[in-house]
Amino acid sequence: MLHVWRFQKYQDSRVDSGVTNSMSILCGLMVCAGILFFAGCDQANDPISTDSSSQLVDPAQQEKPTQTGDPVNGEEPEQPDVPVIPEVPNQPDTPVNGEEPDQPDVPTVPEAPTQPDTPVQPGEPVMIELTGAAALSTYLGSLPENTADTPYRIKVNGIDLTQTTKSGDTLRTLYDALTRYVSLDLSGCTGENLPNITSSTAPGKAYLVSLTLPDTVITIGVNAFSGCTDLTSVNMPQVTTIIHSAFSNLAKLTSVYMPQVQILENDTKSSDGVFYKCVALEAVSMPKIQSIGRDSFYGCSSLISITMGAVPPALEGINIFKGTKPLLALYVPADAVTAYQDTDKTNWTDDLKQKIKPLP
């Protein structure tokens, strides 16, 4: 019985041992298979390094078609031509550390063409200087016709304005030379007393628009400028005496400069006053006036102010200021107001005394 159990035990141990050995063998085989598997993978990934021509060539190492840009024999491949990009204007550098960037060059602006001289405006032509009435006549004859609004500015020298004969250059020959509207500067002429010249004998007077007399002239005669229908201003810096009708009926006369005038004379009842019916005349200054003749400002409907001196002048008539504006002001030095208001000279009426006002 005992032998039978031992035998059975032995058989069982052999079976167990066989199983164990079988398992060991199987595990060993599996390990070997794994090693071979990974070895094969390493061989597939790593090229075989050998000088033998019989070695296998990795498919990855087989010659491939040459691609553009691939290096050949260690050389840098030729790069394809890069398309030309239009040049971009230089941009100012980016400021670094707070510094101001360089500003781009400012393009050169083409130089503007030279502009022609500003044309002379109507009424302001260039002053032309001539000598003698003949030169004046020739020059005016070469000019186009104009209007009183666009007079030619001319300075005339060398005329004795006092002479009355036609043997030389006189005020009369000067008038005869006028065939275009002019602003005359006669400051280069001579003479003391301007003679009586009527418009009926000198129709050229109508072309006179403005006038400057020389310092030598101290007396203006009868009708000297009566008939100068477009005359607007007169500058007579040294004239002391003006005879009746000298500027009568000049509807466009607006300005007279006579700082030295002392006498506006009218000693006849049949003649017009010095500025008779000068309807555009607005203001007159005569600070040295001593005597005002009859009708001197009669009908001067625009006259609003007359400036006189410290001594009340003699009034030679009652109609001197007739037809002027009701609000006509007679301006005198402030310290002379009382003298005017208290004067007992003839024709200084209470109405006139009420118009006395001190100079501003």
So ALA310 fits all but one of (1) touching a Leu at 6+ places or on another chain (Cβ under 8 Å); (2) modelled with pLDDT of 95 or more; (3) assigned to a loop (DSSP other than H, G, I, E, B); what number is the exception?
(1)
The one condition PRO259 fails out of (1) more than 29 Å from CYS228 (Cα to Cα); (2) loosely packed, with under 15 Cβ neighbours inside 10 Å is (1)
From the options ASP176, ASP267, ASP230, ASP215, residue that is surrounded by fewer than 21 Cβ atoms within 10 Å (Cβ to Cβ) and not assigned by TED's automatic domain parsing to the domain that holds ALA134:
ASP267
Residues of the range 283-297 being more than 46 Å from the chain's Cα centre (by Cα) and surrounded by fewer than 22 Cβ atoms within 10 Å (Cβ to Cβ), in sequence order, are GLN290, SER291
Residue check, THR343 among the β-branched types (Val, Ile, Thr) and modelled with pLDDT under 95:
no
Could you tell me whether any residue of the range 245-260 is closer than 26 Å to VAL126 by Cα, in contact with a Cys (Cβ under 8 Å, 6 or more places away or on another chain) and not assigned by TED's automatic domain parsing to the domain that holds THR162?
yes
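The values are calculated or read from the model by the stated rules, or taken from the named source; none is laboratory data. This structure is a prediction, so every number in the text was calculated from the model and none was measured. Ideal geometry is used to build each Cβ from the backbone, glycine not excepted, and the neighbour counts take in all protein chains shown.
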